[in-house]
Each structure stands twice: as structure tokens, then as C-alpha cells.
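The values are calculated or read from the model by the stated rules, or taken from the named source; none is laboratory data. None of these values were measured; they are calculated from a predicted model. A quick note on method: Cβ atoms are made from the backbone with ideal geometry, for glycine too, and the neighbour counts reach across all protein chains shown.
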Protein chains: 2
Amino acid sequence: MRDPMPNAFVAGAVDLPEVEAALVARRQRVLGPAYRLFYETPVHLVRGEGVWLFDPEGNAYLDAYNNVASVGHCHPHVLAATARQAAQLASHTRYLHDTVLSYGEKLLSYFPSELCHVMFTCTGSEANDLAIRLARAATGGTGVIVTENAYHGVTAAVAEFSPSLGPGVPLGAHVRTVPAPDARAGDPAVTFTAHVQAAIDDLLRHGIKPAVLIVDTIFSSDGVFAQPAGFLKGAVAAIRAAGGLFIADEVQPGFGRTGAAMWGFQRHGVVPDMVSLGKPMGNGYPVAGLVMQPHVVADFGGKARYFNTFGGNAVACATAMAVLEVVEGEGLQENARKVGAEFAAALRGLRDPRLGELRDAGLFFGLDVLDGDRPDAAMAARIVNGLRDERVLISATGPKGHVLKIRPPLVFSGDHVGIFAERLVRVLARV
Amino acid sequence: MRDPMPNAFVAGAVDLPEVEAALVARRQRVLGPAYRLFYETPVHLVRGEGVWLFDPEGNAYLDAYNNVASVGHCHPHVLAATARQAAQLASHTRYLHDTVLSYGEKLLSYFPSELCHVMFTCTGSEANDLAIRLARAATGGTGVIVTENAYHGVTAAVAEFSPSLGPGVPLGAHVRTVPAPDARAGDPAVTFTAHVQAAIDDLLRHGIKPAVLIVDTIFSSDGVFAQPAGFLKGAVAAIRAAGGLFIADEVQPGFGRTGAAMWGFQRHGVVPDMVSLGKPMGNGYPVAGLVMQPHVVADFGGKARYFNTFGGNAVACATAMAVLEVVEGEGLQENARKVGAEFAAALRGLRDPRLGELRDAGLFFGLDVLDGDRPDAAMAARIVNGLRDERVLISATGPKGHVLKIRPPLVFSGDHVGIFAERLVRVLARV
């Protein structure tokens, strides 16, 4: 059986160089059988700088995949902030400290005024897990609606509504899935609303009160569905009419990546009840969070407490503040818009019959790989691995694994687009 | 209603200085109502060094509470390791990197040979959450047995078996609680085994297959129950006989704190199926993990995958490696044993009628505060707040909140014990 994770390394399929074979063997011994590597021949990396990653021989890989190092690998302004605060104090939130508040205020200034509280966690999984706890308390419901290949995290509660983890991870009995908002199947403003309403009706028919509709606002693991902006409005109204809440999972599209806005939900003209944040928030430092409207946490906060030992500690917040300063200071949202448009034009200009629809927003791209008009996951894998051999890092996504997932650090430039396109042409010529 | 958290700040109860009053107001505005501060008058900290914490005026507080900064606040060896690796690469585990393996091998060398895999998370909550996912997959059961005032974390799944979070956080229908192993209620080797067996029987009577017995091996939130070493054996045998697993939660006792051993379970002569690690692992950097026997993850690893974006990244592992080097290089387990014994002797020497039983292991102490022979949470709070005014940090614990919880960084010395005892005597003379 194919691993449900696109671009997963399969041990024994390819002979590896000695050093890498030894590392793979140690991984199986030390980390056990639940870890997965990328690529037919895994990449061994030892250094990063900007959009470049380096192997032990000093070969440079163009990073067109990693959204964690969003302001560039090892950005000096971020490193300095981390080191400075770590040498002062790594306090937690049960003592008073200014940094968690200064950062919280700065972060909230990027949100509509209704979204005025933030709680800090260490991972996006923890943020979505907290969101579901708060939603259950606020609504009295348990029903969860997600897209068919959604990914929202790995805690026990969140894995239950992350179908992209594959058939080995069962969905909860209180979970309903809806098709991704694919414009080829009709206007998503109509179809997505109808599917969400049908899921609500089915939950109610089973005696399950709806608690949330949660979506990654760029539908990354479903294959990237970003257009036309605005299509979420009807679905959000439907879940609210049923007494449920709308959660925007901004772990992937957030912090300026879509170019058009700081957050993916803003492109759709909706104001979520909660917004979860993660990956790029600390440029690699483990920090994440949940932004919310006060009504969501009022009851929970009165009867329960939340404490996350490392969540919101001074080092995490100083680091995250430095990331926001770079996003602002280097104009990275605008760069995502501008370079994203150049990148999209370059990809659309390739005119290879195997390349189908490109779906994009800013510096986030999903590019279908087809055999005629059928999804071609095998060819997508050959392209991903071919680019790896050309030292360009991307991956694949979507329920059928046939969508190229291209998601570079936000400091990507027009020159990098040129390098990417040139190497992709070489790969397409030989695979 | 008293907040179920001992030593929680209550807004408005005491007039605060202007700066701190402003910080409290900003916290409520920014962080919302679910956060809790410590103390009647919260402590405002800006710097840490070794066992000392400093407020903005430069006043020094003796830290006798924080186990996260286990090798001392802002230890230079740890800071250097974090900064060095952060400037190189903060890669994740889908690329090959030596550091996660070197650290994993080093960490596992401190465990019995049966415990030979480690998976990395960012928080102890995530480690226990992963443990319960693996246990469900491995046993086919769902039943969880914990002590009456246990704390294991804050994810949705783990909060369901963390009764110390208070009545506002409901326990799961599949959760059973047992009394803490209090030697005053009979030999814990007999009573704890009997209680666990009764919980197993009750789960089975309800058609719930037992999955795990999970205990903090020092029973911190129950009030600290560490003696006599060995009492866990019968309970572990009972859960295994019922087809369940035993999880040792070492987030609090682990990494040498008990003095007698690196891990609390070792004092009891048992080998757990899984061991969760957290707080002191990175001395403040968010890193945690789950160590396990291979049978626990064999089936899960075949049909599912685990990925934690920041878990096991190179910076987390380089930092955690530096922490282990300090624990070893500075002989901190032996220091916990030696200074722990001095500290215990000093506390036992106080002979104040309000101070009852002291329960201890290494540098972890639970000291009952009594009125006659009744628990006295109000007096415990006066002592905790009195020590805060003397610039010594501890807290309170236990289901009745009457147990002083003393748990200093492992670099605590005999001199620090002297300072602590002198200030405690002053406090006892006036409260």
C-alpha cells in the first residue's frame, strides 16, 4: 500500500550513500517506525541561510517548500532577539512579564477588532486542540466539520478531524467531511455552502450538536483552493446559524503568505470566532497561538484555567516579535504578492501537457500533474524527486498526491523564481 | 468559590503597585480570562541567573520552585548550544540530521534497554497526548486510571484525565481515579495496588477495556508521595494483567531531581511501557518527548505516521543535549541527593506545630500545613505569600491546597538551604 503521505521515503526502495544509509538505520533504531522522511533519496541538511539549505558537502538547495523559516533560514534579526531574551529570562505566564503582552498587542493589531484575545501554545496542533476545547465549552456541541483531506494537527482530539493522516487514523464519530471548494465543480460560494449545510443537517439528524467548522483558509492539504476570494461567507453563516463557531486555521496561510492580506480569512471577507497560528510564527522557534473573540472564552475562563509551561514564555514572544518586525520591515507580505505573481506567471508559462491547473495565492501554489485529464501521482513524485536531484525542494499534496506543493520562504525573489523555472524545465525534459 | 488552583492571584483582592496593576490590566485585555497568575501580589520578573530571579528594581528572589530552569536560569553552556545551532539550521525530522539522533541515543542511554525508542514533541502535554494515542492503538482499550488529583496536561484528551484542573474541566466517561499512595492510610504497596485493581474492575464492569495506568512517579499535584520506594510494582502488574500499559509521567521527577535515580520510576523498580518527559528537558526551550518500548508503537507506526513540526528539530535537540551535559558535568543528580537531604533535615528541624509531615525525594518536597491535625490551606497560602514578601519563591499543591510545594533548580546549594530556612523562620514568626 502506498503511504498516505505524498513524497514519503520508502526504506530499501533506492540504494543510499553510506552516510545517509547509516542515518536512516539510526533513525529506525532510535525514533522507531512512526517517523517519515521526504523523498526517494532523503535530503541531509546541515545549514540554512535565507532561501538556501546546504548539505554536508556544501551543496546548496533552493528551498521552495519550507514555510516555517518564513523570513528566511537563520535570519540574523530573529537569532539576535532569541539569544538576547534567552540570556535574560525564559519566564512563564504565571509571573508578570512585559514581553508576552507587547507581543500579544502587536499581534492583535493585525486582526479585526473583534478578535481581541490571544492565548499562547507551542504548536499549531496545540492551538487547534485548545480551539476545540473552547468551542465545546462555548457551544455545548461536539460536531466538527472539515474538508475531505484536511490536516489540522496531531493531538488525539485534532487527529480525529485530520483525514489527511490516512485510513490508519480513524475520524471521530462526531466528525463530518465536506468536499474541498474546487471551482471546477461549480461556484465554491454555492457548492461549499451547500456541502457545509448538508454536513450540519447530517450531524443534527444523528443528534450531534455542531460545534465548529474549521478550515485551513488556503486548503493546503486538499490541494490548495484559494479562488475566488470570498467563497467562505455562506459556509460561515451556515455554521453560525446552527449555533456553531468558525475557526480559521492560519498555520499555513498566515503571516502574509497569501500576499493579499496578513491572514487567509481576510481574503474571504469573514471574521472568524477563532484563528489558529503556528509554523512561521517564530521562524523555527516553537511558538503558536490562538486568537479569539471574547465570547468564545468567557465561560471557559470563568470555570477553568489554561497554562502552557512554555507557551508565551519570554523567549518565544521576543522571537515572534522579531519575526513580525522582519515581515513588516522587509515588506514580506508585499513581496509575497509581487514575487508570487511572477512565480505564478512563470509556472503558467511552462505549457507542458502534464501540468494542469495552477491554484495560487501569494507565495503558495498547488499545481496539478495530469496524465490526459487524470491525476498522475506517479509523475508528480518523479517531478518532486527530479527537482530534489536538481537541488530544489518542493513536495506534493492533495488526496491523490498529484498536486505539486510549492511554498517557499517569503524572502523568495524574482531571481529565485528564475532558478526554479530553469531547473523545473530541465526536470520536465527528462522525467 | 476558591479557584481550584492553589496560590492563584485574585484580581482586586490586594492593591497593586502602579506598574504591576497596569500589567495585570493588560493581561486581562490581551490574554483574556483563562490565564492565572501566582500570589496575592504577583511577582514581576525580568532577569534570571542560577537560582536567582530579579525584578525590575534589581531585587533578587531565591527560586525554590521552578523545575524548568533545572540546571539554573540562563546557564551559559545551554545558551551557547541553542545560539550555535539556531545560527546553523532549525530543520525538522523529514530531512536527515545528526542532532536528533545523537541526542536520542544519549537520552536513551539513561533508560533500561527495553525502553529503546524516543519520539519528540514540544510539551509534556503533547507527550502524554501521544502516549494515549499509542496506548489506544496498541491495546484496543480506552480506559484510563489516574490519581484523584493528578495533572498530566492540557490537550483535550489529557485534560480529561487531569482531575487537578478542577470541577470546571469534566473527566472522561472512560476515566477512573484512585486515591494517592499515602502511607498514612496503610502500606502503599498494598493500598495502591488494591485501588488500581478496583478501578480496573470498575472499568470492565462498564464494558470499558483498560488502556493505561498513568502516574506522575512523584505524585506532585496529589501532594508529593514518594516513599517507600517500590510501592508501584503491584499496580503496574495489575494494569498489565488487565491488558493495559503503564505510563510513567516523568515531566516533574525526571532528569535527576529525585537524587536517587535519573527517573522517578527507577526508585520503584519497575520498567514502564512508556515514559513522558518535559519541563526541565531544555531548561526553558520548548522540548519534550516520549520514550517507549517497541511493542507500544509497532502497530501504530505501520499504519499511521507522527510528525511534529518543531518536535525534535535541531535547535531543540542541541539545547537538550547541552542540558544533559550540564546535569552530568556538574553532578546535579548527586547534588539533588546531597542538598536534598540537607534541605529535608533543615525543614524537619523547624518544629513548628503548623508544619506536619514532610514528604520528599531529592530536591522535591511536599510539606503539610496543619491546624491541629486538619489541613490548613489558608495558613499554607499565608506562608507562600509571606515567603514571596521575603523574596523566596515556592507554591502550594494537593487537592486541599495545604501542601507547600518546594522544588528548586537542581543547582541549589547548602547555602541556599540556609537562606531559605532563615527566611521561612521569619515568616512563621509573623503569619
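Output the number of residues of region B:152-181 satisfying the condition of being surrounded by fewer than 24 Cβ atoms within 10 Å (Cβ to Cβ), in contact with a helix residue (DSSP H, G or I) (Cβ under 7 Å, 6 or more places away or on another chain) and in a loop (DSSP other than H, G, I, E, B).
4
Please state which one of A:24, A:10 is over 23 Å from the mean Cα position of the chain (by Cα), β-branched (Val, Ile, Thr), surrounded by fewer than 23 Cβ atoms within 10 Å (Cβ to Cβ) and at pLDDT below 95.
Just a single option satisfies the conditions, and that option is A:10.
Cβ-Cβ distance below 6 Å, separation of 6 or more or different chains: which pairs start in region B:54-75 with a residue that is on the phi > 0 side of the Ramachandran plot and end on one that is in a loop (DSSP other than H, G, I, E, B)?
The qualifying pairs are B:72/B:409; B:72/B:411; B:74/A:87.
Looking at region B:306-328, can you tell me whether even one residue there is without any contact (Cβ under 8 Å) to a residue 12 or more places away in the chain and surrounded by fewer than 19 Cβ atoms within 10 Å (Cβ to Cβ)?
Yes, some residue in region B:306-328 is without any contact (Cβ under 8 Å) to a residue 12 or more places away in the chain and surrounded by fewer than 19 Cβ atoms within 10 Å (Cβ to Cβ).
Please specify each residue of region B:11-42 satisfying the condition of being at positive phi and in contact with a His (Cβ under 9 Å, 6 or more places away or on another chain).
B:32
Please determine, by comparing only the residues of region A:73-103 that are of a type in the set (Gly, Ala, Ser) and over 25 Å from residue B:37 (Cα atoms), which one is nearest to the other protein chains (Cβ to nearest Cβ).
Among residues in region A:73-103 that are of a type in the set (Gly, Ala, Ser) and over 25 Å from residue B:37 (Cα atoms), the one nearest to the other protein chains (Cβ to nearest Cβ) is A:83.
Could you tell me whether residue A:181 is touching a Pro at 6+ places or on another chain (Cβ under 8 Å) and either at pLDDT 95 or above or at the interface with another protein chain (Cβ under 7 Å from one of its Cβ atoms) (or both)?
So residue A:181 fits the description; yes.
For residue A:68, are the conditions met, namely being facing chain B (nearest Cβ under 8 Å), within 30 Å of residue A:4 (Cβ to Cβ) and at pLDDT 95 or above?
Yes, satisfied.
Quick one: would you say residue B:156 is closer than 25 Å to residue B:217 by Cβ, at pLDDT 95 or above and within 10 Å of chain A (Cβ to nearest Cβ)?
Taking the combined requirement at face value, the residue satisfies it.
Which residues, counting only those in region A:51-60, are at the interface with chain B (Cβ under 10 Å from one of its Cβ atoms) and under 23 Å from residue A:255 (Cβ atoms)?
The answer is A:53, and nothing else.
Of all residues in region A:136-149 being touching a Phe, Trp or Tyr at 6+ places or on another chain (Cβ under 7 Å) and surrounded by 24 or more Cβ atoms within 10 Å (Cβ to Cβ), which is farthest from the other protein chains (Cβ to nearest Cβ)?
A:147
Hey, can you tell me all the residues within region A:120-144 that are out of contact with any Pro (no Cβ under 6 Å at 6 or more places or on another chain), under 24 Å from residue A:268 (Cα atoms) and part of a strand (DSSP E or B)?
Result: A:144, single match.
Only one of A:96, A:89 is crowded, with 19+ Cβ neighbours inside 10 Å and either over 15 Å from residue B:29 (Cβ atoms) or among the basic types (Lys, Arg) (or both). Can you tell me which?
A:89 is the lone residue from the list that is crowded, with 19+ Cβ neighbours inside 10 Å and either over 15 Å from residue B:29 (Cβ atoms) or among the basic types (Lys, Arg) (or both).
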